[in-house]
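The values are calculated or read from the model by the stated rules, or taken from the named source; none is laboratory data. This structure is a prediction, so every number in the text was calculated from the model and none was measured. Cβ placement follows ideal geometry from the backbone for every residue including glycine, while neighbour counts extend to all protein chains displayed.
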Amino acid sequence: MKKYNSEHEWITVDGDIASIGLSAYAVQQLGDITFVELPEIGATADKDESIAFIESVKAASDIYIPIGGEVVEANEELEDRPELLNEAAEGTWIMKIKVADMSELDFLMDEAAYNAYTETL
């Protein structure tokens, strides 16, 4: 099941590995994405900490990790083709992490709650 944080990142978990990406709402707000700075493999971050960076024609923004963990993979295809996020935001992961604490997932929104949240913005 996909979960979301208030900074507009999504996360899915398979075992103890989580894939993280940007929500369609975030990508729509950013406009055409021109650059993605991926996190380093082995980098660790706590929940809600900035771990990567993204630029678009409209803005530059940090990417926040929805739950704590260690980066085990980064989607290197985004270095050459950042527009993949515009084409399929909800299906394009940015990084994969080894989850530090599964209980942090309990504090994220499901899709219905996230959609309701974005309607208030």
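Residue-level check: of (1) within 12 Å of residue 96 (Cβ to Cβ); (2) out of contact with any strand residue (DSSP E or B) (no Cβ under 7 Å at 6 or more places or on another chain); (3) not aromatic (Phe, Trp, Tyr), residue 29 misses just (1). Condition first: closer than 23 Å to residue 110 by Cβ and surrounded by fewer than 14 Cβ atoms within 10 Å (Cβ to Cβ). Can you find one or more residues in region 54-76 that meet it? No: region 54-76 contains no residue that is closer than 23 Å to residue 110 by Cβ and surrounded by fewer than 14 Cβ atoms within 10 Å (Cβ to Cβ).
When only residues in region 1-53 that are in contact with a His (Cβ under 7 Å, 6 or more places away or on another chain) and of a type in the set (Ser, Thr, Tyr) count, which is surrounded by the fewest Cβ atoms within 10 Å (Cβ to Cβ)? The qualifying residue surrounded by the fewest Cβ atoms within 10 Å (Cβ to Cβ) is 25. The condition (being at pLDDT 95 or above, surrounded by 15 or more Cβ atoms within 10 Å (Cβ to Cβ) and over 15 Å from the mean Cα position of the chain (by Cα)) is satisfied by just one residue among 118, 92: 118. Cβ-Cβ distances below 8 Å connect the following pairs, each with a first residue in region 84-109 that is more than 17 Å from residue 68 (Cα to Cα) and in contact (Cβ under 8 Å) with a residue 24 or more places away in the chain, a second residue that is in a loop (DSSP other than H, G, I, E, B) and among the hydroxyl-bearing types (Ser, Thr, Tyr), and a separation of six or more residues or different chains: 85/92; 89/23; 90/23.
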